[in-house]
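*Asks:* This is the structure I want to talk about, given as structure tokens.
The values are calculated or read from the model by the stated rules, or taken from the named source; none is laboratory data. Everything quoted here is computed from the prediction, not taken from an experiment. All Cβ positions, even for glycine, are placed from backbone atoms using ideal geometry, and neighbour counts span all protein chains on display. Accessible surface is based on the protein model in full, side chains and every heavy atom, while ligands, DNA and RNA are left aside. Shrake-Rupley method; radii C 1.70, N 1.55, O 1.52, S 1.80 Å.
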Amino acid sequence: MQADPVVIIGALSYFVVIMAIGWYSRKAALNASDYYVAGRKVGPVVNGSALASTYFSPASFLGLPAFIFLLGYPFWWALVGIVAGMPVASLLTAAPLRKYAPTSFTDYYADRYETKWMRLVAGIPTIIGGFAYVTLSIVGTALFMLAILKFNFTVSVIISAIIVFLYIYWGGMVSTTFSTAFQGLMMTLASVVGALYILSHYGGFSGLAEATMSVSPNFFNLPYVNEKPSSALMGMWTGIVGFYFTWHYGFSAMPYTVVRFFTAQDIKSARRSVFWAVFFGGLTYIGLIIIGTGARVLIEQLHPLMQAQGVTDAVSLLKHMKNLYGVGAASVNDYSMIAAMEALKSPFLMAIICAGGLAIAMSTAAGWTMVLNVLLGRDLLGKVFGSKWPEEKPVQATRVMTTVVLVLCTLISFNPPALVLDISGAAFIVILCSVGPPLILGIWWEKANTTGAMVNIIVMTVLSTFSWMYANAALGSAHWFFLSQKGGIVTPHQFYWVFVGFIFFILICLVSKPNSPEVIKKYSLDLRPDA
């Protein structure tokens, strides 16, 4: 397969727009407020599109269709769960945090729990999750670069990291916000156009369903179980519910979405941003469900490489592409969505899909990189360890941290440890079970206190990280309960730690010293909408 000029031109046009936004916005990001939170001047439509684009990472655009490709219809509910959970953020955190108007994700922990060391404690799981997300975003960008240019995967990783680096380096949160808003529109357009092409090819939903069942007879069964052991993972309702819950409440506590509330113009704008995020995200996921459903039949019936030696089905074709392009480890299955689009043999469609894929990958990388560089520079070096450098030269300090983050994540991206969706799930669980309870209950429960926050974050970070890594390494999948044997209890991404984290936090707080009444009033009671 050769690179198509139409696809290359479409990708180059996208890059020109992104680089232009970064270069133009460099003059609007010369002070700390602009660089960190875009001057708090972002309107709801732009912020909503940026929210959706940042939150819906390559784990959504590549990973969710890949899991539908691998596991069938029940995985639709994971996508529905993400969109359904987004409005919860408007109630739980969007309005209260915009009312509080911090600069960094860790500001609330330091103020609500009355110690600068909460920045360090809350920063640990944030760094773990952040590095995971930047890595999977670089991998996602590289896979689309591979689809566009037919480069080796390693070369694609390097090019992807350089492009992401440049526009963050120039414009900070100003560039990140407006480029990400544009990327949100592109990802929605790509998903919808891809779905329309598939429906047109098969003559509508019924034609797609018939074609899908011709190659996957059990695709629409509930629960879906066939002869492949990997499919048994979703064959239990614990699997379906677990994946649903994993992403349902993340929107209200994940650092890279929470910081978007800080950039909103006011409280009303923060709430409206969530509405627009649901709008753009809903359209995107409808498209991705259709693409994931049709992926296997499209690849096996139409992909040009199905005639290659040793290729007998969609899975063997992806393995062939892994060898052909040197794709790192598990990431080859993430290419199934792109392969399905290639099968339709439309250069225009591939140009749109690749631009949308690059958009969603680069926006997530940018959003998380901004969280990490502010955390590492302003928060930890400056606020915790007393360095004057981040305060005196905030833009310079943040750019140095951007460089460090992207270099390290690029090195990991050459051989990613898991599918992008699995890396995303690990980051989700670590953050939601550790820093999630102190954030949400800190606003809505007066008895939340410093001891509970510190103990919960440390204990849950260790337990959730270890259990995921152990299950992935020893049992062959991060989705088996880490104390069981392979083929035992299905616990997607060890999702039970989120429930345990909330219960554990409450119990510790009930037996430990409360925070001062002044702090509780200012950072809990006064932040609530009815205050």
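*Asks:* For the full complex of protein chains and a 1.4 angstrom probe, list H479, H320 by accessible area with the highest value first.
*Replies:* Working: H479 5, H320 50 Å².
From most exposed to least exposed: H320, H479.
*Asks:* Subtract the Cα-Cα distance of E518 and D266 from 0.36 nm times their separation in residues, and report this length gain in nm to one decimal.
*Replies:* 88.3 nm
*Asks:* Next up: For the pair F385/D313, report the inter-label distance in nm, with labels modelled 7 Å from Cα in the Cβ direction.
*Replies:* If labels sit at F385 and D313, their model points lie 5.2 nm apart.
*Asks:* Turning to a different aspect of this structure: For F499 and K447, what is the calculated FRET efficiency with R₀ set at 22 Å and r taken between the beta-carbons, to the nearest 0.05? Don't jump to the answer; show the numbers that get you there.
*Replies:* Details: r = 19 Å, r/R0 = 0.86.
Between F499 and K447 the formula returns 0.70.
*Asks:* For region 454-531, just the Cα atoms, rotate onto the principal axes and tell me the three extents in Å, largest first.
*Replies:* So the three principal-axis extents are 51, 26, 16 Å.
*Asks:* What FRET efficiency, computed as 1/(1 + (r/R0)^6) with R0 = 45 Å and r the Cβ-Cβ distance, is obtained for I458 and L185, rounded to the nearest 0.05?
*Replies:* 0.65
*Asks:* If you place +1 on the Cβ of every Lys and Arg and -1 on the Cβ of every Asp and Glu, how big does the dipole about the Cα centre of region 405-531 come out, in debye to the nearest 20?
*Replies:* Here the size comes out at about 140 debye.
*Asks:* Further, regarding this structure: Highest mean first, how do 187-195, 496-504, 382-390 rank when packing is the count of other Cβ atoms within 10 Å averaged over residues?
*Replies:* 187-195, 496-504, 382-390
*Asks:* Right, here's the next one. What do you reckon, how do D4, D422 stack up by accessible area (1.4 Å probe), largest on top? Walk me through the numbers on the way to the answer.
*Replies:* Working: D4 50, D422 20 Å².
Sorted descending by solvent-accessible area, the residues read D4, D422.
*Asks:* Could you report region 443-501's accessible area per residue, 1.4 Å probe, as an integer in Å²?
*Replies:* On a per-residue basis, region 443-501 sits at 43 Å².
*Asks:* I've got another one for you. At a Cα cut-off below 16 Å, give the lysines reachable from K345, other chains included and same-chain residues fewer than 8 away excluded.
*Replies:* K150
*Asks:* Within the accessible area of region 306-438, what % is carbon and sulfur when the probe is 1.4 Å and the other protein chains stay in place?
*Replies:* Values: 2430 of 4040 Å².
Accessible surface attributable to carbon and sulfur in region 306-438 totals 60 percent.
*Asks:* In the full protein assembly as shown, how much of I412 is accessible to a 1.4 Å probe, in Å² to the nearest 10?
*Replies:* Number for this one is 80 Å².
*Asks:* Say the dipole of region 404-523 comes from +1 at the beta carbon of Lys and Arg and -1 at that of Asp and Glu; which of F482, V462, S413 then lies farthest toward its positive end?
*Replies:* Result: V462.
*Asks:* Cut-off under 28 Å on the C-alpha distance; same-chain residues fewer than 8 positions from K513 excluded. Which lysines are left, in chain and number order?
*Replies:* K99, K116, K383, K447, K521, K522
*Asks:* Continuing with this model, one more query. Using a 1.4 Å probe on the protein heavy atoms only, what accessible surface does F105 show? Give it in Å² to the nearest 10.
*Replies:* Spelled out: F105, probe radius 1.4 Å, area about 10 Å².
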